[in-house]
Amino acid sequence: MAPLLSVSGLTVDLATPRGTLHAVRDISFDINAGETLCLVGESGCGKSMTALALMGLLPNSATRRARHLAFEGGDLANVTPRKLASLRGNRMAMIFQEPMTALNPAYTIGDQLIEVHRRHKGSTYAAARERAIELLEKVGITPAGERLGQFPHQLSGGLRQRVMIAMALMCGPTLLIADEPTTALDVTIQAQTLRLLIDIQRDLGVAILLITHDLGVVARVAQRVAVMYAGEIVESATAASLFRKPRHPYTRGLMASIPIPGRTPPGERLGSIPGIVPSLIGEVRGCAFRDRCAFAFAPCAETVPWRADNEHGWRCTLPEVPAEAAA
Amino acid sequence: MTESYAPPLLEVVGPTSGALLRRRIFTHKGLLIGLTLLAIVLLLALLAPLIAPHDPYAQDLTQRMIPPLWYEKGTWAHVLGTDNLGRDYLSRVIYGARISLLIGFAVMMISGLIGAALGLAAGYFGGRTDMVVTFFITIRLAMPVILVALAVVAMVGGSLWVVVLVLGLLKWDRFAVVMRAATQQVRSLDYVTAAAATGASTPRIIVGEVLPNVLPQLIVVASVEAASAILLEAALSFLGLGVQPPLPSWGLMIAEAKAYMFFSFWLIAIPGTALALLVLAINMVGDGIRDVSAPSGRG
Amino acid sequence: MLAFATKRFGLALLVAVTVSALAFLLLRASGDVAIALAGEGARAEDIENIRRIYGLDRPLLVQYFDWLWKMAHGDFGQSLYFKTEVWPLVMEKLPTTMLLAVFSLTFALAVSIPLGILAAVYPNSWIDRLCLALAVVGQAMPNFFFALILIMVLAVSLHWLPVSGSESWAHFVMPTITLGYYIAPVFMRLVRAGMIEVLASDYVRTARAKGLSQTSIILKHALRNALVPIVALSAVQLGLLLGGSVVIETIFALDGAGFLAYQSITHKDLPVTQALLTLLSILYVGLILIADIANAWLDPRIRVG
């Protein structure tokens with residue numbers, strides 16, 4: 001079966017006063033219908049840019065190129081802005097990190113939910129309102145009817161994020177892109193929201209592209225994972241495979257630096273990755289991680305091959321990286 | 001085991017705030033143009049006795065209504081022509097600059113001092129004083145400036161100093177508002193409270209902290225009020241209730257020329273343009289200062 | 001909401017009373033009224049006569065309360081110059097000024113809002129620069145100079161409009177344009193700055209992500225938030241217009257309250273001047289009050305609980 005979303009060779013360049021910033025460099029991934037792919041990486045690795053690129057929400061200073069970009073079988077790379085706008089909120093939807101500011105303070109929740117349905121489905125006010133109530137209940141907001149008439153500032157952060165999720169689902173999209181949806185929420189609310197996403201996927205069969213920097217979130221929600229570093233996907237695997245045997249030195253470093261309950265032996269020191277992310281302005285050759293990698297050697301400065309072992313792929317010059325990192 | 005404090009990997013070295021400010025000033029076109037224009041007008045005004053080709057008050061009825069140089073009947077003897085009483089227009093315009101600049105500066109200083117003092121008091125003492133000052137400000141805002149100015153001048157008689165005084169005593173509100181806000185902000189800073197607790201001289205601290213912070217805002221307000229004062233004086237003089245003839249106030253010149261404007265448009269165009277250019281220059285300087293002194297975060 | 005409005009109203013009332021007292025004091029304090037009324041070269045006994053007739057020899061406080069009392073009953077006295085009752089005179093001229101103010105405000109908004117939106121949607125483009133240039137010129141140009149230019153161009157050269165008077169709608173056109181241009185720059189800058197800020201906000205990004213049309217995003221989502229300060233500013237600017245109408249009405253001989261103010265002041269018609277000052281101040285206070293309430297109503301976040 002063809003994947004729901006197929007991305008091949010996606011590149012995003014940003015024009016800055018100091019030169020061209022290569023935010024996303026030739027990445028490729030697929031998402032199948034009804035599955036959750038997590039895009040993991042630290043701030044600035046290009047994961048949010050990827051999401052914006054897919055939705056066509058990049059700023060004016062950005063240019064997007066792709067070898068191949070297909071969604072629901074149709075080309076996504078060369079569509080007109082109008083066609084893209086008709087897909088947004090309709091077939092593919094996005095929720096953002098900051099629920100506190102993501103809703104318009106001047107209009108009621110109901111108004112904002114209803115307008116997207118009427119825009120894409122041409123429905124009547126009554127029909128859209130019913131759908132809004134249905135979804136509010138689905139995300140666990142009751143009494144839904146009352147909430148419709150409320151303004152965003154009357155809701156808490158967690159509730160607002162639920163409203164955002166409901167709003168994204170109004171037109172029954174097949175793909176939901178969630179950019180760090182739980183980062184700005186309290187820990188307990190985080191768990192609830194993630195739970196909600198899992199339930200939604202199970203009940204509605206929506207595919208989810210979840211962007212996060214938190215491996216904990218990945219462990220809870222992901223079926224497949226793609227690790228991004230400095231604009232590139234450095235490792236891609238099923239969640240199980242990734243956690244069982246991370247291949248890329250960066251992924252390893254990430255895993256070593258967070259305690260994973262049940263896996264990290266007690267009393268063990270947490271690792272850290274020395275160095276900083278390299279600048280992506282101007283030409284970038286070879287492996288972007290080599291300055292921080294304990295195993296880097298001369299060939300790492302040239303083009304780095306993509307290796308694959310069944311469904312598990314990673315980008316490294318070394319076929320096999322020793323289990324123990326040099327101190 | 002104690003953690004060793006690792007030295008930072010990268011030392012961020014940037015330009016000092018003085019150098020940064022200078023760079024900003026010199027790249028802000030609006031500010032530079034405005035300052036240049038202002039400097040030109042200032043120079044003209046200061047050097048008026050030396051630059052003006054004629055006595056601005058000297059009438060010569062044989063030389064009435066000569067058009068400026070670029071007209072057919074123009075002459076080099078009177079580059080900007082003469083008015084209905086034969087007075088050289090260029091000289092009158094140059095001397096008129098003195099009046100406008102004087103008005104702008106004097107009103108700005110008077111209203112600035114009043115407003116800043118009130119605002120400082122309101123912000124520092126808070127409570128009753130703040131309530132009273134705020135009430136004053138509201139009262140002042142409820143009065144239409146031009147009407148009050150007109151009425152007072154009509155009663156007392158028009159002259160340059162009357163206009164300066166009346167406008168100065170009316171236009172202090174914005175200064176007060178800005179000063180009050182800045183003082184309140186500083187007053188709530190932790191170290192001010194701490195200093196007060198140790199018996200340090202709070203007024204000195206507050207004034208020492210408030211003034212540097214509020215200075216850019218005050219300058220912007222000052223420019224707005226100065227420009228507004230110049231336009232108000234022009235309007236008052238135009239209506240006959242401002243500066244009295246034969247003073248070459250630009251507003252007055254327009255009033256005097258109104259009767260002849262259909263045939264000798266330059267008579268109103270020249271002082272009108274002069275007013276617009278001066279006010280424009282002041283506005284550009286004010287805007288420029290506001291842009292340049294914006295917090296560094298905006299880059 | 002109601003408590004908020006009531007509190008504001010009470011304050012407004014206090015301010016209005018104080019201002020009326022100030023207007024009263026101001027006029028009497030800026031010179032001996034009797035001398036001013038008598039005119040130049042008056043004899044001492046004439047001045048004394050006038051003093052007695054107008055009750056100017058009584059204590060100031062008595063004069064004030066007498067005036068206040070009469071004012072509460074709608075008696076503003078007699079106009080010295082026009083020889084009729086003040087109140088009907090003012091009421092006759094006021095509608096013209098109100099009309100002019102409303103026209104001018106409408107004109108200013110009609111010009112500045114679309115331009116401000118365009119400038120914000122296409123920042124740093126030629127549209128933006130044009131709007132900025134217009135705003136800058138508008139703020140620097142003396143309004144009476146602009147009025148004269150308009151007269152020269154539209155009335156004299158092109159004969160499209162009448163020069164002065166107030167008989168027909170055509171007579172309102174140039175005064176409206178003059179006053180409108182006088183206050184438009186402030187609005188334009190506010191709209192532009194507000195729109196730029198709002199267009200960069202998270203909720204506009206959400207609106208885009210929902211695939212809403214560009215029109216809907218700009219006009220429904222962005223503008224609604226960017227316009228909030230405009231309403232309050234409108235009220236304040238309206239006040240400015242009422243004051244600024246003095247000069248403009250005089251130039252165009254538009255028979256409104258502003259022209260009346262000019263005439264009464266130049267002819268030292270004290271009762272009329274006083275009445276106008278008081279009336280205008282009360283209107284100002286009312287406008288500020290409306291502005292405050294409108295602000296609270298428009299931004300749901302301000303009306304707490």
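Every number here is computed from the coordinates shown, using simple stated rules; none is lab data. None of these values were measured; they are calculated from a predicted model. Reconstructed Cβ throughout: ideal geometry from the backbone, glycine too, with neighbour counts over all protein chains shown.
If I take every Cα pair under 8 Å that is 6 or more residues apart in chain B, average their sequence separation and divide by the length, what percent do I get for the relative contact order? Relative contact order comes out at 23 percent.
List the lysines whose Cα sits under 27 Å from the Cα of A:LYS83, skipping any in the same chain fewer than 8 residues away. Straight-line reach from A:LYS83, under 27 Å: A:LYS47, A:LYS121, C:LYS210, C:LYS220.
Compared with the dominant principal axis of the Cα atoms in chain C, helix C:270-298 is inclined by about 20°. With a cut-off of 13 Å on the backbone N, the residues of segment B:233-247 near the modelled label site 7 Å out from B:TYR57 along Cα-Cβ are B:244-247.
When B:ASP55, B:ASP130 are arranged by Cβ crowding within 10 Å, least crowded first, meaning fewest neighbours, the order is B:ASP55, B:ASP130. Calculated FRET efficiency, B:TRP161 to B:ASN84, Cβ-Cβ distance, R0 = 22 Å: about 0.20 to the nearest 0.05.
For A:TYR229, the residues whose amide H sits under 5 Å from its own are A:VAL234, ignoring neighbours fewer than 5 places away on the same chain, with H placed 1.01 Å from N.
Relative contact order of chain A: 21 percent, from C-alpha pairs under 8 Å at least 6 residues apart in sequence.
Residues whose amide H lies under 5 Å from that of C:GLU85, counting only those 5 or more places away or on a different chain, are C:SER79; hydrogens are built 1.01 Å from N in the peptide plane.
In straight-distance terms, cross-link reach from C:LYS268 covers every one of the aspartates and glutamates whose alpha-carbon lies under 18 Å from its own, apart from those fewer than eight places away in the same chain; here that gives C:ASP32, C:GLU40, C:ASP46, C:GLU48, C:GLU85. In this label model, C:VAL231 and A:ASP203 are separated by 3.8 nm, measuring between points 7 Å along each Cα→Cβ vector.
Compute the helix-to-body angle for A:109-121: its Cα long axis versus the longest principal axis of chain A, expressed 0 to 90° and rounded to tens. On a 0 to 90 degree scale, this one is about 80. Converting phi to 3J(HN,Hα) with the Karplus coefficients 6.51, -1.76 and 1.60 and the offset θ = phi - 60°, segment A:300-308 yields 5, 7, 9, 4, 9, x, 9, 9, 9 Hz in sequence order, with x at every glycine or proline.
If you plug the beta carbon distance of A:ARG285 and B:SER188 into 1/(1 + (r/R0)^6) with R0 = 60 Å, you get a FRET efficiency near 0.65.
Using the Karplus curve 6.51 cos²θ - 1.76 cosθ + 1.60 with θ = phi - 60°, work out ³J(HN,Hα) for each residue of segment B:233-248 in order, rounded to whole Hz, and write x for Gly and Pro. My calculation for segment B:233-248 gives 4, 4, 5, 4, 5, 4, 7, x, 10, x, 5, 9, x, x, 4, x Hz in order.
The order of C:MET188, A:MET49, B:MET179, going from fewest to most other C-beta atoms within 10 Å of their C-beta, is A:MET49, C:MET188, B:MET179. Ignoring aspartates and glutamates fewer than eight residues from C:LYS83 along the same chain, the ones with Cα atoms less than 14 angstrom from its Cα are C:ASP269.
Once backbone amide H atoms are built at 1.01 Å from N, A:THR20 has A:GLY282 as its partners under 5 Å, excluding neighbours fewer than 5 places away on the same chain.
Rounded to the nearest 20, the size of the Cβ-charge dipole of the protein assembly as shown about its Cα centre is 1440 debye, with Lys and Arg at +1 and Asp and Glu at -1.
In a simple Cβ point-charge model (Lys, Arg +1; Asp, Glu -1; nothing else charged), segment A:102-170 has a dipole of about 160 debye relative to its Cα centre.
Put in line by how crowded their Cβ is, counting other Cβ atoms within 10 Å and starting with the fewest, C:ARG51, B:ARG128 read B:ARG128, C:ARG51.
Seen against the Cα atoms of chain A and their longest principal axis, helix A:125-138 is set at about 50 degrees. Per-residue ellipticity at 222 nm, computed for chain C from helices alone with -39500 (n - 2.57) per DSSP H run of at least four residues, works out to -24500 deg cm²/dmol. Using the Karplus relation 6.51 cos²θ - 1.76 cosθ + 1.60 with θ = phi - 60°, the per-residue 3J(HN,Hα) values for segment B:216-229 come to x, 4, 4, 5, 4, 4, 4, 5, 4, 5, 4, 4, 4, 5 Hz, with x marking Gly and Pro.
Please report, in debye to the nearest 20, how large the charge dipole of segment C:197-305 is about its Cα centre when each Lys and Arg carries +1 at its beta carbon and each Asp and Glu carries -1 there.
Using Cβ point charges on Lys, Arg, Asp and Glu, segment C:197-305 gives about 660 debye.
B:GLU233: net charge of surrounding residues, Cβ under 13 Å, Lys/Arg +1, Asp/Glu -1, itself excluded? Taking every Cβ under 13 Å from that of B:GLU233, the sum is +1. Between B:ARG204 and B:LEU69, the simple label model (points 7 Å from Cα in the Cβ direction) yields a spacing of 5.9 nm.
Other residues with beta-carbon under 15 Å from the beta-carbon of B:VAL93 carry, at +1 per Lys or Arg and -1 per Asp or Glu, a net charge of -1. Which one of C:LEU2, C:ALA108, B:VAL243 is farthest out on the positive end of the charge dipole of the protein assembly as shown, using unit charges on Cβ (Lys, Arg +1; Asp, Glu -1) and the Cα centre as origin? After comparing all options, I get C:LEU2. Computing FRET efficiency as 1/(1 + (r/R0)^6) for A:LEU84 and A:THR63, where r is the C-beta to C-beta distance and R0 is 22 Å, gives about 0.90. Please list, by residue number, everything in segment C:265-295 whose backbone N is under 19 Å from a paramagnetic label point 7 Å out along Cα→Cβ of C:LEU2. So the set is C:293-294.
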